[in-house]
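J.: For reference, the structure I am asking about is given below.
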Amino acid sequence: MMNNLFLDAANSKPTERPPVWMMRQAGRFMPQYWEIKNKYSFLEMCKTPEIAADVTMLPVDLLGIDAAILFCDILVTGEAMGGDLSFTQGVGPKFANPIKNAADIDRLEVDVLDKLQYVADAIKVIQQRLNGSIPLIGFAGAPFTVMSYLVEGGSSKDFKLTKLLIHNHPELAHRLLAKIAKVTTDYLNLQIAAGVNAVQLFDSWALSLSWNDYTEFSHQYNQQIIAGLNRTNVPVISFCKGSSVFAPLMAEAKPDVVSVDWNADLLNIKNALPTGMAVQGNLDPHILYADQHVIKKTIHQLFERMRGVDGFIFNLGHGIMPDIPFNNVKYAIDVVKEFRY
Ligand code: CP3
């Protein structure tokens, strides 16, 4: 591999500068994404390996990041289990058959790798295109976050139905989470077998949970998944919004990297983690709307804070918003790439 920065940092080895990639780097802030998106539906893009590879390669070619991330979505596991998934412009993801009762949970399938084979096929095409230049990150949604979409039927502000399920019918919630966790473990192992160089578990909405509920309904399943991965030489990144609170529990699940939101001081989080566990983060994505001198100053502040620390991957605290100016994203990446410790 020509560019080892990302894997070295994930393995807590020294690097000459922090490696950079950005969550949602393969997305709508790029005009070139829209050229493809205007021709196909989002799920067609995910399920056609050549198109998924084209979109994965956009930020590689246009931004020069240090790691690529597979173009797909966290909700494809829910679809493979039986969820009737669609993505509509301006509406977001929808499951037309939300889970309401025990029978709905019992109907969900768990031996679904044949339905996710398109992801393995996409990974093989992407690795041919990358040709060893930079590593490829695979990913999946964490059970709690995927459950929230299956139960709410789409995105939610307050997760009311999901919380009612875990509070009034914890045994049903556990039945559902256990099924998602099994599928997620198999699915990430499928991606590893197909050739990804790292995997990230996205628990985007963990922040909505209390400490006790996070422990019972999220953490234990993430831990189970991470323990079940064929992870030799494949670093595991654990991401959640809420990591500035939940980092100690996330560390118990033994990922190689904890991806941190922007609420916390990154060095303080790093110092509280076990030795040899790396951090990823944690720029507020809104900084990328600001003037370029602000972008540069804020990135340099973070790098000064992290000076001398091995095991640091630069990223945002959450994904790039679709209306962030492309030139600001490019500028931020150039600022990182010009930096030397
Ligand atoms: O990071 C990347 O660029 C790789 C691809 C990727 C997508 N989704 C593509 C996508 C990844 C890693 C995801 C993860 C994902 N999907 C998460 C976790 C990360 C996070 O942001 O918290 C979540 C919660 C989802 C669920 C999801 N998918 C939502 C809520 C939406 C619609 C609203 C939104 O933010 O876009 C999607 C659709 C989606 N996933 C798009 C893309 C490029 C937009 C589809 C379009 O073109 O309309």
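The values are calculated or read from the model by the stated rules, or taken from the named source; none is laboratory data. No experiment lies behind these values; they were computed from the predicted model shown. Backbone-built Cβ (ideal geometry, glycine too); neighbour counts: all protein chains shown. Surface areas here come from the heavy atoms of the whole protein model, side chains and all, with no ligands, DNA or RNA. Shrake-Rupley method; radii C 1.70, N 1.55, O 1.52, S 1.80 Å.
J.: Just to check your reading of the model, which residue among Tyr118, Tyr33 is part of a helix (DSSP H, G or I), open to solvent by 20 Å² or more (accessible area, probe 1.4 Å), within 15 Å of the ligand (Cβ to nearest atom) and in contact with a helix residue (DSSP H, G or I) (Cβ under 8 Å, 6 or more places away or on another chain)? Steps first, answer last, please.
T.: Details: Tyr33 fails: open to solvent by 20 Å² or more (accessible area, probe 1.4 Å).
From the options Tyr118, Tyr33, the qualifying one is Tyr118.
To keep it simple, each residue is scored yes or no on (1) of a type outside the set (A, V, I, L, M, F, W, C); (2) within 10 Å of the ligand (Cβ to nearest atom); (3) at pLDDT below 95; (4) closer than 20 Å to Lys124 by Cβ.
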residue	(1), (2), (3), (4)
Lys37	yes, yes, no, no
Thr48	yes, no, no, yes
Asp54	yes, no, no, yes
Asp66	yes, no, no, no
Ile69	no, yes, no, yes
Ile74	no, yes, no, no
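J.: Would you check which residues across segment 78-88 are away from the ligand (no atom under 11 Å from the Cβ) and in contact (Cβ under 8 Å) with a residue 60 or more places away in the chain and list them?
T.: Ala80, Met81, Gly83, listed by residue number.
J.: Does Ala103 meet the test of being crowded, with 21+ Cβ neighbours inside 10 Å and away from the ligand (no atom under 16 Å from the Cβ)? Don't jump to the end; show me each part of the working.
T.: On the way: crowded, with 21+ Cβ neighbours inside 10 Å: no; away from the ligand (no atom under 16 Å from the Cβ): yes.
In short, no.
J.: Can you name the condition, by its number, that Asn3 falls short on among (1) under 22 Å from Lys254 (Cα atoms); (2) assigned to a loop (DSSP other than H, G, I, E, B); (3) open to solvent by 30 Å² or more (accessible area, probe 1.4 Å)?
T.: Evaluating Asn3 over (1) under 22 Å from Lys254 (Cα atoms); (2) assigned to a loop (DSSP other than H, G, I, E, B); (3) open to solvent by 30 Å² or more (accessible area, probe 1.4 Å) leaves (1) as the failure.
J.: Just for segment 77-91: of the residues that are among the small types (Gly, Ala, Ser) and farther than 13 Å from Leu108 by Cβ, which one is nearest to the chain's Cα centre (by Cα)? Show your work before the answer.
T.: So in segment 77-91, the residues among the small types (Gly, Ala, Ser) come out as 78, 80, 82-83, 86, 90.
Within this subset, residues satisfying the condition of being farther than 13 Å from Leu108 by Cβ are 86, 90.
Working: Ser86: 20, Gly90: 22 Å.
Of everything passing the filter in segment 77-91, Ser86 is nearest to the chain's Cα centre (by Cα).
J.: Same structure, new question: Scan segment 148-178 residue by residue and report those that are surrounded by fewer than 19 Cβ atoms within 10 Å (Cβ to Cβ), charged (D, E, K, R) and either more than 16 Å from the ligand (Cβ to nearest atom) or within 20 Å of Phe87 (Cβ to Cβ) (or both).
T.: Residues satisfying the conditions are Lys157, Lys160, Glu171, Arg175.
J.: One residue is enough: does segment 228-235 have a residue meeting the conditions closer than 18 Å to Asn315 by Cα and of a type in the set (A, V, I, L, M)?
T.: Within segment 228-235, the first condition is being closer than 18 Å to Asn315 by Cα, and the residues that meet it are 235.
Filter once more, so that each one left must be of a type in the set (A, V, I, L, M): none.
No, that holds for no residue.
J.: If you check Leu249, Leu267, Leu229, which single one turns out to be open to solvent by less than 40 Å² (accessible area, probe 1.4 Å), closer than 23 Å to Ser208 by Cα and at pLDDT 95 or above? Steps first, please.
T.: On the way: Leu267 fails: closer than 23 Å to Ser208 by Cα; Leu229 fails: closer than 23 Å to Ser208 by Cα.
Being open to solvent by less than 40 Å² (accessible area, probe 1.4 Å), closer than 23 Å to Ser208 by Cα and at pLDDT 95 or above holds for just one of Leu249, Leu267, Leu229, which is Leu249.
J.: Any idea which of Val20, Val91 is in contact with a strand residue (DSSP E or B) (Cβ under 6 Å, 6 or more places away or on another chain) and hydrophobic (A, V, I, L, M, F, W, C)? Let's see the steps before the verdict.
T.: On the way: Val91 fails: in contact with a strand residue (DSSP E or B) (Cβ under 6 Å, 6 or more places away or on another chain).
The conditions single out Val20.
J.: Right, here's the next one. Only one of Thr88, Thr145 is surrounded by 15 or more Cβ atoms within 10 Å (Cβ to Cβ) and hydroxyl-bearing (Ser, Thr, Tyr). Can you tell me which? I'd like the intermediate steps shown before the answer.
T.: Values: Thr88 fails: surrounded by 15 or more Cβ atoms within 10 Å (Cβ to Cβ).
Among Thr88, Thr145, only Thr145 is surrounded by 15 or more Cβ atoms within 10 Å (Cβ to Cβ) and hydroxyl-bearing (Ser, Thr, Tyr).
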